[in-house]
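Q: Quick one: the structure is below, questions incoming.
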Amino acid sequence: QFGRTEVIDNTLNPDFVRKFILDYFFEERENLRFDLYDVDSKSPNLSKHDFLGQVFCTLGEIVGSQGSRLEKPIVGIPGRKCGTIILTAEELNCCRDAVLMQFCANKLDKKDFFGKSDPFLVFYRSNEDGSFTICHKTEVVKNTLNPVWQAFKISVRALCNGDYDRTIKVEVYDWDRDGSHDFIGEFTTSYRELSRGQSQFNVYEVVNPKKKGKKKKYTNSGTVTLLSFLVETEVSFLDYIKGGTQINFTVAIDFTASNGNPAQPTSLHYMNPYQLNAYGMALKAVGEIVQDYDSDKMFPALGFGAKLPPDGRISHEFALNGNPQNPYCDGIEGVMEAYYRSLKSVQLYGPTNFAPVINHVARYASSVKDGSQYFVLLIVTDGVISDMAQTKESIVNASKLPMSIIIVGVGPAEFDAMVELDGDDVRVSSRGKYAERDIVQFVPFRDYIDRSGNHILSMARLAKDVLAEIPEQFLSYMRARGIKPSPAPPPYTPPTHVLQTQI
């Protein structure tokens, strides 16, 4: 399932607004299926709703139709005509600009019986077929006929799909508590016109067509003026990578006794000669993708929750290769080797403490805040965390640093605490301080085990999901610090001697 449209109530002719962005490859057959349902309850489960039929087609079929508009009969219920689906495709411009704009208005019509109006603006972009799609609403300014709205930022793609001459329609409303906002009037403009900035060209008469039709002397319902117009080019994750930012990848593995004795096949750390255990799969899946962004391919690998030889002291951040001064392993293969070696020498113990390994990486991340390096910590664990308070504090502190944390849960445990650390629903906090940004991504490995036993597929799915949030987390750090990507180096520079990162 790729996605769902919004629900439109009580209609047999719905016009869905939600768009789906798909990558289109001319050389591939991309099969699509659209299933239609009549919603009967709040349940997200499709079997709880009435099936209305389905349509099969390819993306190429839609793109290749006249005007990229495809009409097809809906099928799937024997002996019944199920209606028609109309699919349209529009190629997105790769326009990465965003605009910061501010507007004010003068002498708007008074709509409220008591007091003045509470005006707000609604912006629409026009589509290929002449219809309009809402793309921005300003805030409401209370009790004034001369409002100044706050500046807002919108991508040029959302405003006009990168077409500078396409009509932009702006409607002016008076806000009402009951939702029946009163229409004051409207005007049209275009990106090209707005881009002239504050000038006589960007003072617009707000016109209410109904009033204009009725009253001979009607001139307008006020004016709206553009106060400022500033273009910013949004930079992408790859702009930084092109400019030389390195991603440093660190691995931390859970060696607590709850994993089971590594010599037993039931153990999560069981060293099966024929296939990877869950720890190995998680390491390899994530590592093989991240390693493409790390030029020296040397990865620190740590373990926690074990008793170490020779004296049996308990450690929550030990080097898997046995060398605390230099915990680096050569490539993902080197990490795997060190992991298997340490399984033979250490004694699984406990408790499950995350804070030491998070603080370990945070120490390095805090020493390079210029945008030249970003740190990703992968923690693979079988579950219940013992130092929740300290871990939350470590995450809140780390959220100010150039780092992200991926937690992969292996085995059958309940991972409630991990979901809390993930911070997607509620931002992680410690002692009343909230994390500056969301830096933790948690997934349970069991959700990715392919039923057919195809581990390659499991690993590809896992990597895709755990790494999905990294570019956005990376960008949120760079944006907050005002760090711009370095210019990409000129092509074909002769290779120079690569210095190892010293930590």
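The values are calculated or read from the model by the stated rules, or taken from the named source; none is laboratory data. Treat the numbers as computed from the prediction; the structure is a model and nothing was measured. Virtual Cβ from ideal backbone geometry, glycine too; neighbours counted across all protein chains shown. The area values use the complete protein model at the heavy-atom level, side chains included, leaving out ligands, DNA and RNA. Shrake-Rupley method; radii C 1.70, N 1.55, O 1.52, S 1.80 Å.
Q: When only alpha-carbon atoms are used, what values of Rg and Dmax, in angstrom, describe segment 43-160?
A: 21.9, 61
Q: Here's a follow-up. Which loop-located GluC sites (Glu not before Pro) does segment 1-59 contain, where loop means any DSSP state but H, G, I, E or B and the Cβ has at most 11 other Cβ atoms within 10 Å?
A: Numbers: sites: E6, E27, E28, E30; in loops: E6, E27, E28, E30.
Sites meeting the loop and neighbour criteria: E6, E27, E28.
Q: For K297, go through the lysines and keep the ones whose alpha-carbon is under 24 Å away, minus same-chain ones fewer than eight residues off.
A: K242, K284, K369, K464
Q: If you don't mind, there's one more thing I want to ask. Would you pull out the residues with amide H under 5 Å of V440's amide H, same chain only if 5 or more places away, H placed 1.01 Å from N?
A: I405
Q: Can you give the Rg and Dmax of the chain based on its C-alpha atoms, in angstrom?
A: 28.7, 98
Q: Using DSSP to call loops (not H, G, I, E or B), can you name the trypsin sites (Lys or Arg not before Pro) in segment 83-191 whose Cβ has at most 11 other Cβ atoms within 10 angstrom? Each step should come with its number before you reach the end.
A: Details: sites: R96, K107, K110, K111, K116, R125, K137, K142, K153, R157, R166, K169, R177; in loops: R96, K107, K110, K111, K116, K142, R166, R177.
Sparse-neighbourhood loop trypsin sites (Lys or Arg not before Pro): R177.
Q: Using alpha-carbon pairs under 8 Å, 6+ residues apart, how would you state the relative contact order of segment 150-285 in percent?
A: Details: 145 pairs, mean separation 16.9, N = 136.
In percent, rounded to a whole number, it is 12.
Q: Would you mind checking the tilt of helix 388-398 against the longest principal axis of the Cα atoms of the chain, expressed as 0 to 90 degrees and rounded to 10?
A: 60 degrees
Q: Find, to one decimal place in angstroms, the Kirkwood hydrodynamic radius of segment 418-481, where the mean of 1/r is taken over every pair of different Cα atoms and then inverted.
A: 13.5 Å
Q: Then there's this: Using a Förster distance of 45 Å, how high is the FRET efficiency between R479 and A389, based on the Cβ-Cβ distance and rounded to 0.05?
A: On the way: r = 30 Å, r/R0 = 0.66.
About 0.90, to the nearest 0.05.
Q: Just to be sure I understand the model, the point goes 7 Å from the Cα along the line to the Cβ. What's the resulting A263 to R427 distance in nm?
A: Placing both labels 7 Å along Cα→Cβ, they lie 5.1 nm apart.
Q: Based on the alpha-carbon gyration tensor of segment 82-148 and its eigenvalue square roots a ≥ b ≥ c, which shape applies: rounded if a/c is under 1.5, prolate if not and a/b is larger than b/c, or oblate? Mind showing how you got there, number by number?
A: Working: a/c = 3.99, a/b = 1.85, b/c = 2.16.
Oblate, because a/c is 1.5 or more while a/b does not exceed b/c.
Q: Using Cα atoms only, what is the angle between the long axis of helix 331-345 and the major principal axis of the chain, expressed in degrees (0 to 90) to the nearest 10?
A: For 331-345 against the chain, the angle is about 40 degrees.
Q: Amide H of E232: which non-local residues (sequence gap of 5 or more, or other chain) have their own amide H closer than 5 Å, using H built in the peptide plane?
A: A98, V99, L100
Q: Percent of Cα-Cα pairs more than 27 Å apart in segment 132-268, please. Intermediate values should be presented prior to the final figure.
A: Details: 4434 of 9316 pairs.
Value for segment 132-268: 48 percent of Cα pairs lie more than 27 Å apart.
Q: While we're on this one: Can you tell me how much longer the chain between I85 and N106 gets when fully stretched, taken as 0.36 nm per residue apart minus their C-alpha distance, in nm with one decimal?
A: Working: separation 21, 0.36 × 21 = 7.56 nm, distance 4.52 nm.
Full extension of this stretch gives 3.0 nm more.
Q: Sort H360, H455 by accessible area with a 1.4 Å probe, largest first. Could the numbers behind the result be given before it?
A: Details: H360 20, H455 55 Å².
From most accessible down to least: H455, H360.
Q: Here is a further query. Return the carbon/sulfur percentage of the accessible area of the chain, one whole number, probe 1.4 Å, all protein chains in place. Mind dumping the intermediate values first?
A: Values: 14690 of 28040 Å².
With neighbouring chains kept in place, the figure for the chain is 52 percent.
Q: While we're looking at this one, here's another question. Determine the distance separating the Cα centre of segment 439-486 from the Cα centre of segment 151-191; give it in Å without decimals.
A: When both Cα centres are located, 36 Å separates them.
Q: Relative to the first principal axis of the alpha-carbon coordinates of the chain, what is the inclination of helix 278-290, with its axis defined by its Cα atoms, in degrees from 0 to 90 and to the nearest 10?
A: The angle comes out at about 60 degrees.
Q: Which of the lysines could a cross-linker span from K216 if the Cα-Cα distance has to be under 27 Å and same-chain partners fewer than 8 positions apart are dropped?
A: Cross-link targets: K107, K110, K111, K116, K169.
Q: Between L230 and Q347, take the C-beta separation as r, use R0 = 51 Å, and let me know the FRET efficiency to the nearest 0.05. Spell out each step's value before the answer.
A: Numbers: r = 61 Å, r/R0 = 1.20.
After rounding, the FRET efficiency stands at 0.25.
Q: Additional query: What residues of segment 222-251 lie in the reach of a label at K153, counting those whose backbone N is under 13 Å from a point 7 Å from the Cα along Cα→Cβ?
A: 230-236
Q: If you don't mind, there's one more thing I want to ask. Tell me, what is the percent relative contact order of the chain, built from C-alpha pairs under 8 Å that lie six or more residues apart?
A: Working: 958 pairs, mean separation 48.9, N = 503.
Once divided by the residue count of the chain, the mean separation gives 10 percent.
Q: Rounded to whole Hz and in sequence order, give me ³J(HN,Hα) for segment 404-409 from the Karplus expression 6.51 cos²θ - 1.76 cosθ + 1.60, θ = phi - 60°, writing x for Gly and Pro.
A: Coupling constants for segment 404-409: 10, 10, 10, 10, 10, x Hz.
Q: Work the Kirkwood hydrodynamic radius out for segment 194-298: mean of 1/r over every pair of different alpha-carbon atoms, inverted, in Å. Mind showing how you got there, number by number?
A: On the way: mean 1/r = 0.0477 Å⁻¹.
About 20.9 Å for segment 194-298.
Q: Return an integer: the convex hull volume of the alpha-carbon atoms of segment 216-368, in Å³ per residue. Walk me through the numbers on the way to the answer.
A: Numbers: hull volume 36.6 nm³, N = 153.
Dividing the Cα hull volume of segment 216-368 by its residue count gives 239 Å³.
Q: Right, here's the next one. Net charge near V346, counting Lys/Arg +1 and Asp/Glu -1 over other residues with Cβ under 14 Å of its Cβ?
A: Values: positive: K307, R313, R341, K344; negative: D254, D311, E317.
Charge balance in the 14 Å sphere: +1.
Q: Can you give the extra length, in nm with one decimal, that the chain gains between S41 and F113 once fully stretched, where that is 0.36 nm per residue apart less the Cα-Cα distance?
A: Working: separation 72, 0.36 × 72 = 25.92 nm, distance 4.06 nm.
Between S41 and F113, full extension yields an extra 21.9 nm.
Q: Which FRET efficiency, nearest 0.05, do D330 and R363 yield, Cβ-Cβ r, R0 22 Å?
A: Numbers: r = 23 Å, r/R0 = 1.03.
Efficiency at R0 = 22 Å is approximately 0.45.
Q: Take each of the peptides 258-265, 299-306, average the number of other beta-carbon atoms within 10 Å over its residues, and list them starting from the highest.
A: Values: 258-265: 14.8, 299-306: 25.5.
Descending packing order for the listed peptides: 299-306, 258-265.
Q: Taking 0.36 nm per residue of separation and subtracting the Cα-Cα distance, what length does fully extending T58 through S195 add?
A: Working: separation 137, 0.36 × 137 = 49.32 nm, distance 3.88 nm.
Here the answer is 45.4 nm.
Q: To the nearest 20 debye, what charge dipole does the chain have about its Cα centre, counting +1 at the Cβ of each Lys and Arg and -1 at the Cβ of each Asp and Glu?
A: Working: 55 positive and 62 negative charges, 324 e Å.
Using Cβ point charges on Lys, Arg, Asp and Glu, the chain gives about 1560 debye.
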